[in-house]
Amino acid sequence: MHKFDNNWLSLREKIDISSRNQKAIDKINNYFKKYKSINIMDLGCGTGSNYRYLTKRIKSKQNWLMTDISLESINHFKKNLKVKAATNIISFKKINVIDDIEKINFNNFDIVTGSAFLDIMPRKWFKDFCKLNTNTKIIYFSINYDGFFKFTPKHKDDELVLKLFNKDQKSDKGIGLRAVGQDCTNIINTVFSKTHKTYVFNSDWMVENNKAFQEIFINFCENVILKNKLVLSDWIKFRRDHIATNKSKMLLRNKDFLALKI
């Protein structure tokens, strides 16, 4: 299964935080306003971005289980962990969320959450995950890629690069099955709308004056271009030149998904 680079996760954390939609948090707090404590499972916890964001904003007392396929990420998380006052129990478990999905006991958790990985999952996973969470009170997945990004200023090859990127998003990400890519929010919304009240909120990346972040994203695009055996050196140079001179802006469209058991 695909593993995210820890440097990339750390670099994008501030951008993710500024992008998440506050309306989802308001609904979570309203749902649990009469609860003294809640149990939360974080799927694909990575280096802890989702925890650091939510533990500051969820008002109820929290008991967390962190899960990830990468022991490296878990150890990085543990090393930098600062327990918040609202947090009671924090535990960690190495889990392959695809291969081990049937072995995970979701019944003990009030919230099952994750961030920025639904797009790499295969379509079958969504049905399996929903089946195991029909009674989970809240499902919350943030920063789900929605199939569109753009840089300014414009370049004649922008649409071609976007098309190649979206095609690659639906390729196998080391799982053995094709990923759903930019369709992820629509798919999870469809499966959970049968058992929950669902919401979709905008959580777009708006990136300016962040050279390192934009450079890494251009590297992603360049790798996709090379995989398609194309030469778009003018586009790559154009983008990097504008990033280097702080004349580049980037918009990438994401969605936050929330499901409430009514």
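Since every read-out is calculated from the coordinates, none of them should be taken as a lab result. A quick note: this is a predicted structure, and the numbers were derived from the prediction, not measured. Because the Cβ atoms are built from the backbone with ideal geometry, glycine has one as well, and the counts that use them run over all protein chains shown.
Can you give the Kirkwood hydrodynamic radius of the range 174-262 from its Cα pairs, in Å with one decimal?
Computed over the range 174-262, the radius equals 15.9 Å.
Which distance in Å, rounded to a whole number, links the C-alpha centroids of the range 25-61 and the range 197-262?
Their Cα centres are 27 Å away from one another.
Considering Cα pairs under 8 angstrom that are at least six residues apart, work out the relative contact order of the range 94-229 and quote it in whole percent.
Averaging sequence separation for qualifying contacts and normalising by length gives 26 percent for the range 94-229.
So if R0 is 22 Å, what FRET efficiency would Thr134 and Asp100 give, r being the distance between their Cβ atoms, rounded to the nearest 0.05?
Once the sixth-power term is evaluated, E becomes 0.70.
Over the chain, calculate the relative contact order: mean separation of alpha carbon pairs under 8 Å at least 6 apart, over the residue count, as a percent.
Computed over the chain, the figure is 22 percent.
Quick one: putting +1 on the C-beta of Lys and Arg, -1 on the C-beta of Asp and Glu, what dipole do you get for the chain around its Cα centre, in Debye to the nearest 20?
Here the chain has a charge dipole of around 860 debye.
Give the Rg (one decimal place) followed by the Dmax (whole number) of the range 37-91, computed from C-alpha coordinates and expressed in Å.
That works out to 10.4, 30 Å for Rg and Dmax.
Average the reciprocal distances over every distinct pair of alpha-carbons in the chain, invert the result, and give the Kirkwood radius in Å.
Final number for the Kirkwood radius of the chain is 19.2 Å.
Give the cross-link partners of Lys127 among the lysines, using a straight C-alpha distance below 18 Å as the criterion and excluding same-chain residues fewer than 8 apart.
Excluding near neighbours in sequence, the set is Lys103, Lys137, Lys170, Lys194, Lys197, Lys261.
Which one of Ile143, Ile90, Ile28 has the biggest mean-square fluctuation once the chain is modelled by GNM with Cα springs under 10 Å?
Of Ile143, Ile90, Ile28, the most mobile in the Gaussian network model is Ile90.
Per residue, what volume in Å³ does the Cα convex hull of the range 1-155 take up?
Each residue corresponds to 131 Å³ of Cα convex hull volume.
Obtain the radius of gyration and the Kirkwood radius of the range 107-218 from its C-alpha atoms and give Rg over Rh.
Radius of gyration over Kirkwood radius for the range 107-218 works out to 1.02.
Cut-off 10 angstrom, C-alpha nodes, Gaussian network model of the chain. Which of Thr47, Thr67, Thr190 fluctuates the most?
In this elastic network of the chain, the residue with the biggest mean-square fluctuation among Thr47, Thr67, Thr190 is Thr190.
Considering all projection directions equally, how large on average is the shadow of the alpha-carbon convex hull of the range 104-144, in square nanometres?
Here the figure is 2.9 nm², rounded to one decimal.
Determine the sum of side-chain charges near Ile25: Lys and Arg each +1, Asp and Glu each -1, restricted to other residues whose C-beta is under 12 angstrom from that of Ile25.
+4
With a 10 Å cut-off between alpha carbons and a GNM built on the chain, which of Val161, Val224, Val83 moves the most?
Comparing Val161, Val224, Val83 in a Gaussian network model of the chain, the most mobile one is Val83.
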